[in-house]
Amino acid sequence: RAKSAGRGTVAFYDLHMDQAVRARRRLEADLRGAIQRSEMRVVYQPVVDVEGRPVSYEALLRWRSPDHGDVAPDVFIPLAEDTGAIIALGEWVLREACRAAAGWDERLSIAVNVSPVQFRVANLADQVSAILAETGLAPERLGLEITETALMRSREETLQTLRRLKALGVKIIMDDFGTGYSSLSNLQSFPFDKIKIDRSFITAMGDDRGAKAIVTAIVGLGRSLDLPVVAEGVETEAQRQMVVLEGCTEAQGYLFGRPGAAPQAAGAQARTAVGSSG
Ligand code: C2E
Ligand code: MG
Ligand code: MG
Ligand code: MG
């Protein structure tokens, strides 16, 4: 198509492609040294029970680059997965999060996202075991969030790693549930401890009967498998009421707290409800 439009057009497209490729390469290159340059930090978002009390925090990575500004995880995580930088980045987040959580009230747990790439390349179970020993965090207080895509590739290897992690006492959390393929069979064949319903269903359930039906079904599934079910992305009081009514046991979203500073270390302050804080 471009060719028939003349030479000038081809050059125009090439120039833009070239720019996009170069921008991507620059981002990739900058990503590599980001930890060493202290451009990365971990923020924590509360996961609350039905009374609005935090039971857990999810660790979320943030990158502030002097050249690119704040880069969203949805942009730099896939990039890091492509280049393999996610291996070092993932280990860093795990260590940071476990170190922080070790100082919190013992009733609070920490959830860390783990990329499918970490499952395939790194010896994840050994890494987790070493970090737990190093930080002194009780294994039961660590949850690893994985998405269904992690299970799609190299199924047997992944399953083996999951079993080793479970043997350590670590919890395995199915993240963004409902968005991937063969969701139901995954739940049956993998040893999950918790299900998080993807935010898209919570956002839509108010005026989309289909989305609401899916939430109902996932909660029912969780109940029969005896698994806690978390509603992700709860932003309004109406949504909060709906997910509680549906039977979700936990919730996470801007209504309860945005990703931010780590909770205070144990002893600093009693656990307080964060519900209805906006
Ligand atoms: P996720 O694991 O599903 O994390 C939840 C995302 O939803 C976070 O986005 C969080 O800020 C956002 N969120 C929470 N509550 C609300 C809400 O009420 N409304 C809206 N609109 N959003 C809400 P974030 O931090 O931008 O992260 C996006 C994704 O990037 C994560 O999705 C996760 O897949 C990935 N990610 C973030 N940190 C890490 C990490 O350390 N390692 C890996 N492998 N992936 C990470
Ligand atoms: Mg997550
Ligand atoms: Mg999620
Ligand atoms: Mg997600």
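The values are calculated or read from the model by the stated rules, or taken from the named source; none is laboratory data. Small disclaimer: the values here were computed from a predicted structure and weren't measured. Using ideal geometry, Cβ is built from the backbone for each residue, glycine included, and neighbour counts are taken over all protein chains shown.
Residues that are in a strand (DSSP E or B) and more than 12 Å from ligand 1 (Cβ to nearest atom) within the stretch 26-56 comprise Asp49, Pro54, Val55, Ser56, listed in sequence order. Scanning the stretch 227-278 for residues that are charged (D, E, K, R), in a loop (DSSP other than H, G, I, E, B) and modelled with pLDDT of 95 or more returns Glu232, Glu235, Arg258. Between Val128, Val117, Val112, the distinction of being more than 16 Å from ligand 2 (Cβ to nearest atom) and either β-branched (Val, Ile, Thr) or out of contact with any Gly (no Cβ under 9 Å at 6 or more places or on another chain) (or both) belongs to Val128 only.
Of the set (1) within 15 Å of the chain's Cα centre (by Cα); (2) under 12 Å from Leu144 (Cβ atoms), all apply to Arg199 but (2).
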